[in-house]
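Undergrad: Structure in structure tokens, see below.
The values are calculated or read from the model by the stated rules, or taken from the named source; none is laboratory data. Owing to the predicted nature of the structure, the values given are computational and were not obtained by experimental measurement. Neighbour counts are summed over all protein chains in view; Cβ atoms, including those assigned to glycine, are modelled from backbone coordinates with ideal geometry.
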Amino acid sequence: MGDTVQKTDSVPVIADRTVDEPSPAERARKRMFGHFGFMFGAIVLLTIFAIAFLAPLISPHDPLDQQLARKLIPPVWHDSPKASWEFPLGTDQFGRDYLSRLIYGSQISLLIGFAAMLISGVIGTALGVAAGYFGGRVDMVVNFIITTRLSLPVVLVALAVVSLVGNSLWIVIWVLGLLIWDRFAVVMRSTTQQVRNLDYVAAAQAIGCSTPRIIFAEIMPNIVNNLIVVATIEMAHAIILEAALSFLGLGVQPPAPSWGLMIAEGKNHMLFDPWLVGIPGTALFILILSINLLGDGIRDVTAPENRN
Amino acid sequence: MSDTVISARDVTRTFMISAGAFRGKKPLHAVNGVSLEVQRGEVLALVGESGCGKTTLAKMLLGLLPTTEGTIEFGGTPVADIERLKLASLVQPIFQDPYSSLNPRKSIGSIITLPLKVQKDPDPSTWRKRAEEMMELVGLAPRLFENFPNQLSGGQRQRVAIARALINRPEVVICDEPTSALDVSVQSQILNLLNDLRTELNLTYIVISHNLAVVEHIATRVAVMYLGRIVEQKDTERLFNEPEHPYTKALLQSVLTPDPSLDVPDTHLGAAYPNPVDPPSGCTFHPRCVNVMEHCSLAAPRTINSGDGFVECHLYDEDSGRGRAVS
Amino acid sequence: MSDRILEVENLTVDIPVGGGMLHAVQGISFHVDRGETLCIVGESGCGKSLTSLAVMDLLPKKAIRGADKLALAGEDMLGAGERRMSDIRGNTMGMIFQEPMTSLNPAYTIGNQMEEALKRHRNVSTREARDRAIYLLEKVGITAAESRLSQYPHQLSGGLRQRVMIAMTLMCGPNLIIADEPTTALDVTIQAQILLLLAELQREFEMGLILITHDLGVVARIADRVAVMYAGQIVEEGTADQVFNRPTHPYTQGLLDCIPIPGKTDRSKPLGSIPGIVPSLVGRFNACHFAERCTYGTAECTEGNIDMRDAAEDGHRYRCLLDPETCNKNAVREEVV
């Protein structure tokens, strides 16, 4: 344990030993791999991503290929003569292979979830950070905007807009993105406020840092953890909203294999062919669950470091 | 030959504070007409308790907060006219809390080289070397360059803060309670370091502190603040040996030296610190003053010159008892 | 011995951490008598706060407490369950913490909290509790006591809040008060007032007082006896006079050299300092904990655990292999020229 005291000209070099602590990055990494929810969520989500990415390669059939002759074949685990491994998850009322539709459907859910999350994230974070950093009038204006947004019923507004403007995939994404940014704004605003009053921000100002540099180099890295947690929540939120919109007929249009649409199309056959609703429903459930577990895990893993 | 590095003239800073749910806003004069001049090479200590305005004054001297009234000048030029980066190269802060003054997500090296980056210092390839030289100068092992703040002790972090403040060789360093959050054994190291650096780098210090023992050791001049005004300002030796203002005397009495033969002194200060939004009339110190006279509550005391410094107190104003008009 | 209010023998606190077991408190022993003030002084990480938490049985869940003896006014506390402990806390044993804003509930009035403090432990009417609250608020120097009862903590200044804390601690007439850095967050002039108050109250109510602090000035002025802690151990103990005027442990000596004393410390020379930092307390190590930072250290100092030994005077003990005069002989206390 040698702490040496050497004099270099006027000032002794004292205590060059560091406190026995890992760097923030190492600490986060250690925590990640020990956290069950985080690992489970991450693995499942990555799997679904892989499925979506490799859809053309792993999909046994064309999801849009209608063949009425083979309609309503139950999945393999059913006790029925028609069930076969050719259509492991059965077929729907138009004779389309359900497994293929499920696989391609993951693309739509993930794309919508991700894109809407990005759009709402940019809007909400910009508003929240501005309000938190500048305070005063800027804060008042942003608060007003947030309050206005919160008083809008999201689903109804989405429905109204989509029915007026049309419902291509990208219109749905933009509508959702422009509506679900409120949580980003609120959380980023309060986190920015907390960080803004710390001494290292004042030090950066005294050094002469420009405002953009302070926001992006000093403040953002310290609020990005919260940002990621909210991002996962809103991604799940967007996916569910899309499913709801599609279910109501104002989301993605048939014959696209959106999981919400699959549920909608299958609801009339629910009594006798429940898998038409059960399978996409379960898929949605697993996707949302994994995103939420991942979000919880990130929050736990990046919990603020305690002081010595 | 006076070389005034930084000066303040009648500086006031007012905040509007809400006085209650439906009562609108009232003014709070955090700093209320402060004037001072700091000569090159000096160590001026601003001493006072919470609410006296010393931190607000420090922020204005750093250019982080504009004055409501009055001017702060740097070598003759008003601070408001000095461009942001130029001001940053002239005056730098060292804060009290070594845990919150360093960005936990940045490495020590990037923290110390930030001023170079912001000033667009030419030749970035020399930055690391200069940072490492600075680290040695403040007593930090250069190999800590890649470490993060949470891997350093409180004393080491404060050294990082000092290195960051000094890397661009400013003229004035404003230290806000630089050692209050540190252990006693570390405190003395940092104080010695600050003293050494001052002579080595020809710095001028403004030190804010409530610790009078520390102040006596490192300051050349002391200004005692109470409710936004400087009530007494003198050379350190004179202030400690011949304090004039009753508040100064009470402060000095409250310094608990480690002498077991003495007891805790009774400063007879009585009533608690007044509410700055609703200051007492006349001399704001009068409700707590042992030497209070009748006219103390009626008129604010004038500034009376005393040797090289001054004191604001009716006790030393020959004219005040005679009913002369005072503001 | 009815005068001995607290007796602690061989107290240990271990905390499991990532790299092993942190031995935060390593076998310390101390006692407090009625009417006596014991100050436990040390720097951050020495274990003094954990010591007070251990005595009150308020350690964090992961921490493991051990002791040969832990007795409050003769009653054993080691075996006392949580029910018995919560009867004792706030009753026969009072606690004052550093930050009164977090120990006072912001949602309830002062009067409410003070009355609760008494009614929790005694069968009294609200009227009686209120009267006692007013009596104690006046005792601690708060004017217009009755009107204060209806105020909330945030309406009071830091000094006032700490006085209220003290009054609240006295509601049940404790035998012992443990105060952990009670004045550190307060202004210098208020600190003096609060300390005076504590000393007066202690005399009047004949309580034992344990004051935990890092401020040697405070210790010198109010302690009857002092225990200096370093790295989980008590390295020196004795009366205030013995420890401050004739320190026997190099750490105590080093600390005293670090403090600037107006009128005494030579301004032209650097302050004394203690090089190095506190060693890690994780895992076992057999040696003097201070050896690597000690100016007088010898090879023997790293060879095994060092026990407390007696110095020249009664009651003055220290944990060092050197002669008790070593520190005094080489005393570096400068007198101003």
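Undergrad: If you check C:187, C:131, which single one turns out to be assigned by TED's automatic domain parsing to the domain that holds residue C:38 and not small (Gly, Ala, Ser)? Let's see the steps before the verdict.
TA: Numbers: C:131 fails: assigned by TED's automatic domain parsing to the domain that holds residue C:38.
From the options C:187, C:131, the qualifying one is C:187.
Rundown of residues vs (1) crowded, with 18+ Cβ neighbours inside 10 Å; (2) of a type outside the set (S, T, N, Q), yes/no style:
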| residue | (1), (2) |
| --- | --- |
| B:109 | yes, yes |
| B:132 | yes, yes |
| B:136 | no, yes |
| B:151 | yes, no |
| B:157 | yes, yes |
| B:162 | yes, yes |
| B:166 | yes, yes |
| B:172 | yes, yes |
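Undergrad: Same structure, new question: Can you confirm whether residue A:192 is in a helix (DSSP H, G or I), within 30 Å of residue B:89 (Cβ to Cβ), away from every other protein chain (no Cβ under 11 Å) and touching a residue at least 24 places away in the same chain (Cβ under 8 Å)?
TA: On the way: in a helix (DSSP H, G or I): yes; within 30 Å of residue B:89 (Cβ to Cβ): yes; away from every other protein chain (no Cβ under 11 Å): yes; touching a residue at least 24 places away in the same chain (Cβ under 8 Å): yes.
Criteria met by residue A:192.
Undergrad: Give the residues of the range A:66-99 that are among the acidic types (Asp, Glu) and in a loop (DSSP other than H, G, I, E, B), sorted by residue number.
TA: Taking the range A:66-99 as the starting set, the residues that turn out to be among the acidic types (Asp, Glu) are A:79, A:86, A:92, A:97.
Correct list: A:79, A:86, A:92.
Undergrad: Still on this structure: Could you list all residues from the range C:55-68 that are more than 21 Å from residue C:179 (Cα to Cα) and charged (D, E, K, R)?
TA: Those that are more than 21 Å from residue C:179 (Cα to Cα) and charged (D, E, K, R): C:61, C:62, C:68.
Undergrad: Test residue C:59 against the criterion of being of a type outside the set (Val, Ile, Thr) and closer than 27 Å to residue C:247 by Cβ, and give yes or no.
TA: Details: of a type outside the set (Val, Ile, Thr): yes; closer than 27 Å to residue C:247 by Cβ: no.
No, not satisfied.
Undergrad: Can residue C:25 be described as under 15 Å from the mean Cα position of the chain (by Cα) and part of a strand (DSSP E or B)?
TA: Details: under 15 Å from the mean Cα position of the chain (by Cα): yes; part of a strand (DSSP E or B): yes.
Spelling it out, residue C:25 is indeed under 15 Å from the mean Cα position of the chain (by Cα) and part of a strand (DSSP E or B).
Undergrad: Output yes when any residue across the range C:267-280 is in contact (Cβ under 8 Å) with a residue 24 or more places away in the chain and either among the hydroxyl-bearing types (Ser, Thr, Tyr) or more than 30 Å from residue B:197 (Cα to Cα) (or both), and no when none is.
TA: no
Undergrad: Further, regarding this structure: Only one of C:95, C:114, C:101 is among the aliphatic types (A, V, I, L, M) and over 25 Å from residue C:205 (Cα atoms); which? Full working, then the answer.
TA: Working: C:95 fails: over 25 Å from residue C:205 (Cα atoms); C:114 fails: over 25 Å from residue C:205 (Cα atoms).
Going through C:95, C:114, C:101 in turn, the sole match is C:101.
Undergrad: I've got another one for you. What pairs can you find where one residue is in the range C:57-73 and more than 28 Å from residue C:18 (Cα to Cα), the other is polar (S, T, N, Q), and their Cβ atoms are less than 9 Å apart, with a gap of 6+ or different chains?
TA: What qualifies is C:69/C:10; C:69/C:29; C:72/C:92; C:72/C:175; C:73/C:2; C:73/C:92; C:73/C:175.
Undergrad: Go through the range A:235-276 and count every residue that is touching a Lys or Arg at 6+ places or on another chain (Cβ under 7 Å) and either of a type in the set (Phe, Trp, Tyr) or part of a helix (DSSP H, G or I) (or both). Step through it out loud before you land on a result.
TA: Within the range A:235-276, the subset touching a Lys or Arg at 6+ places or on another chain (Cβ under 7 Å) is A:257, A:262.
Adding the requirement that they be either of a type in the set (Phe, Trp, Tyr) or part of a helix (DSSP H, G or I) (or both) leaves A:262.
Count: 1.
Undergrad: Considering only the range C:218-337, give the helices (runs of 4 or more DSSP H) lying wholly within it that have at least 1 residues that are at pLDDT 90 or above and in the same structural domain as residue C:16 (by TED's automatic domain parsing). Spell out the reasoning first.
TA: Details: elements: C:240-245, C:250-258, C:325-329.
Hits in the range C:218-337: C:240-245, C:250-258.
Undergrad: Go through the range C:49-97 and give me each residue that's crowded, with 20+ Cβ neighbours inside 10 Å and in contact with a Pro (Cβ under 7 Å, 6 or more places away or on another chain).
TA: C:93, C:94, C:96
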